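Okay, structure first, notes after.
The values are calculated or read from the model by the stated rules, or taken from the named source; none is laboratory data. Computed from a predicted structure; not experimentally measured. Heads up, the Cβs are rebuilt from the backbone with ideal geometry, glycines too, and the neighbour counts pull from every protein chain shown. Each accessible area value is taken on the protein alone, full model and side chains, heavy atoms only, with ligands, DNA and RNA left out. Shrake-Rupley method; radii C 1.70, N 1.55, O 1.52, S 1.80 Å.
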Amino acid sequence: MRAIIPAAGWGRRLGSPPAKELLPHPFYPSRTFLEVVLEMCQLFQLDPLVISREDKVVLNNWLQKHVEKANFQIIPPTQEWLETVWLSRIHWKAKNILLLPDVFFRPHSIIEDLQRSLDHYEMVVATHLVPIEQATQWGLLMDGGFLVEKPQQLPGVAKVLTQDRLMAWGLLAFRNTEPVQAFWEQYVKGYRESRMVALPTPWQQLNLEEFVDLTRGSISFA
């Protein structure tokens, strides 16, 4: 199973450091964000693919020293990690999981559940709860099997606005098939247009016990 690790971003929420992926991990201070993710890949026998961009010199130098060259790729600059993932598709394997380097989640064993589920589903979404006031900061799973990424508006979903919390995705696992590639292409476009995109079928939802975005300092919801 391939672990796709987007690391081509700008880190604007953190003041645009040379490489936010190499910042000390708040839960594991002796290691960086990226080191923790790579250790998780080793623990669960995932094949990591770190995606960087050419001008992230500090990160690229670190990768050359610590990661096999076949396991990291340089792409042109992108505005959002969604596009980074889409540009990495030539390196996808039959089974893939998206691991963002700046998040913390539990249980870690859900990775094994995601991998098993891909024997039967095109895509598996591991979700967590977020308060409604944070709706525009997350990728949301909507009724009927739709994802909408950081919506500035919530088109067609007014009925959920009375709820206290929404379901946001924290991990995505997917097969490398034509329906999945079509989904990712539309998801990139959907983000730019703040619209919902239908998940490839069949899909499955799993629940995370805890999820924290380390760059937002957000609270987690068990």
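Which FRET efficiency value, to the nearest 0.05, do you get for Thr201 and Leu129 by plugging their Cβ-Cβ distance into 1/(1 + (r/R0)^6) with R0 = 35 Å?
0.90
With charges only on Cβ, +1 for K and R and -1 for D and E, what is the dipole size of the chain about its Cα centre, in debye, rounded to 20?
Details: 22 positive and 24 negative charges, 70 e Å.
Dipole magnitude for the chain comes out near 340 debye.
Grab the Cα-Cα distance for Val36 and Asp119, subtract it from 0.36 nm times how many residues apart they are, and report the gain in nm with one decimal.
27.2 nm
Quick one: 3J(HN,Hα) in Hz for segment 27-37, Karplus 6.51/-1.76/1.60 with θ = phi - 60°, rounded, Gly and Pro as x.
Working through the residues one at a time gives 8, 9, x, 7, 10, 8, 3, 5, 4, 5, 5 Hz.
Subtracting the Cα-Cα distance from 0.36 nm times the residue separation, let me have the gained length for Ser109 to Lys93 in nm, one decimal.
So the chain would gain 3.7 nm between Ser109 and Lys93.
Is there a quick way to get the dipole size of segment 27-142? I mean about its Cα centre, with the Cβ of Lys and Arg at +1 and of Asp and Glu at -1; what is the value in debye to the nearest 20?
I would put it at about 240 debye.
What range in the chain is the longest one free of GluC sites (Glu not before Pro) that are in a loop by DSSP and have at most 12 other Cβ atoms within 10 angstrom?
For GluC sites (Glu not before Pro) (loop position, at most 12 other Cβ atoms within 10 Å), the longest site-free span of the chain is 69-208.
From the phi of every residue in segment 112-129, what ³J(HN,Hα) in whole Hz does the Karplus formula 6.51 cos²θ - 1.76 cosθ + 1.60 yield, where θ is phi - 60° and glycine or proline is x?
Each residue's phi maps through the Karplus curve to give 5, 5, 4, 5, 5, 5, 5, 5, 10, 10, 6, 8, 10, 10, 9, 10, 9, 9 Hz.
Quick check: with the 1.4 Å probe, what order do Lys93, Lys65, Lys56 take by accessible area, largest first?
Putting Lys93, Lys65, Lys56 in descending order of accessible area: Lys65, Lys93, Lys56.
In what order, largest first, do Met196, Met142 sit by accessible area if the probe radius is 1.4 Å?
So the residues, ranked largest to smallest area, are Met196, Met142.
How large is the accessible surface of Val148 in square angstrom, using a 1.4 angstrom probe and rounding to the nearest 10?
Roll a 1.4 Å probe over it and Val148 shows about 0 Å².
Average projected area of the Cα convex hull of segment 72-112, in nm²?
Projected over every direction and averaged, the Cα hull of segment 72-112 covers 3.9 nm².
What does the convex hull of the alpha-carbon atoms of segment 62-144 project to on average, in nm²?
Over every viewing direction, the Cα hull of segment 62-144 projects on average to 7.9 nm².
Taking the inverse of the average 1/r across all pairs of different Cα atoms in segment 1-126, what Kirkwood radius in Å do you get?
Taking the inverse mean of 1/r over all distinct Cα pairs, segment 1-126 comes out at 15.0 Å.
For a quick check of understanding: with a 1.4 angstrom probe and all protein chains in place, what accessible area in square angstrom does Lys189 have, to the nearest ten?
Taking all protein chains as shown, Lys189 has close to 80 Å².
Rounded to the nearest angstrom and ordered from largest down, what semi-axes does the equivalent ellipsoid of the chain get from its C-alpha gyration tensor (root of 5λ)?
For the chain, the ellipsoid semi-axes come out as 26, 20, 18 Å.
Please give the per residue accessible area of the chain, computed with a probe of 1.4 Å over protein heavy atoms only, in Å².
Accessible area per residue, the chain: 48 Å².
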